[in-house]
Amino acid sequence: MNGHDADHLSVCRQQRVCNVYLTQDLPTYYARIGDENVADAIINKFGTRIFHSTTDVKTCQAAAELIGKVTHYQTTDTRSGGASSQGGINIGREEGHGSGGHGRNTGHSRGRSTYKDYDVPPDYFGRELRTGGPANKYRVDAIVVRGGYKFRSSGRNRIKAEFRQA
């Protein structure tokens, strides 16, 4: 891998060339190229990216940003109620008079708000993806991301995939 790969990758798609780059994390690309902007230019030419388990903050953040944010909905229910009563009596020279009253009130309100958050949060890559070996029955998980494409099974630009270790 070097800084001239961007030129090569620019024409690969029309020539039906498949390039595969593998690394543990983004800082490895940055260190190899020596210029983060050039490394990003190369990485941005990849149409499909596969992210396995990692705890590297830059890689996890970049993966979450690449996948994107979605709208979440939050519903809030508020209920309230109360009761009151009052009473009194007047005693005087004339007949005693009494008065009283009581009341009850209830209230209910429902609100719905929206907010945007990561479809796949950055910490997911280090927390939820299996890493293989006997403890995981030789299964490895990954998030596969394709730019400009929606997977039929998820309706999104990403899917969770499972691989078997040989």
Tell me, in nm to one decimal, what length is gained between Asp7 and Lys45 on full extension, where the rule is 0.36 nm per residue of separation less the Cα-Cα distance? 12.7 nm
Calculated FRET value between Thr71 and Lys150, using beta carbons and R₀ = 25 Å, to 0.05: 0.95
Label-point separation, Thr23 to Arg139 (7 Å along Cα→Cβ), nm: 3.1
Among (1) 65, 19, 15; (2) 26, 23, 16; (3) 23, 21, 17, which is the computed semi-axes √(5λ) of the Cα gyration tensor in Å? (1)
Sorted by packing (mean other beta-carbon atoms within 10 Å per residue), highest first, where do 112-120, 23-31 land? 23-31, 112-120
For segment 2-80 and segment 102-140, compute the distance between their C-alpha centroids and round to whole Å. 23
Show which aspartates and glutamates lie in cross-link reach of Lys150 when reach means a straight Cα distance below 18 angstrom and same-chain residues fewer than eight apart are skipped. Glu65, Asp119
Express the relative contact order of the chain as a whole percentage, based on alpha carbon pairs under 8 Å and six or more residues apart in sequence. 22
Among the aspartates and glutamates, select those whose C-alpha is under 13 Å from the C-alpha of Lys137, and discard any that sit fewer than 8 residues away in the same chain. Glu162
Can you send over the carbon and sulfur percentage of the accessible area for the chain, probe radius 1.4 Å, protein chains only? 46
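Before I look further, what does the chain give for accessible area per residue, probe 1.4 Å, in whole square angstrom?
On the way: 12290 Å² over 166 residues.
For the chain, the solvent-accessible area averages 74 Å² per residue.
The values are calculated or read from the model by the stated rules, or taken from the named source; none is laboratory data. As the structure is a prediction and not an experimental result, all values here were calculated from the model. Positions of Cβ are backbone-derived with ideal geometry, glycine not excepted, and every protein chain shown enters the neighbour counts. The accessibility values were calculated without ligands, DNA or RNA, using every heavy atom of the protein model including side chains. Shrake-Rupley method; radii C 1.70, N 1.55, O 1.52, S 1.80 Å.
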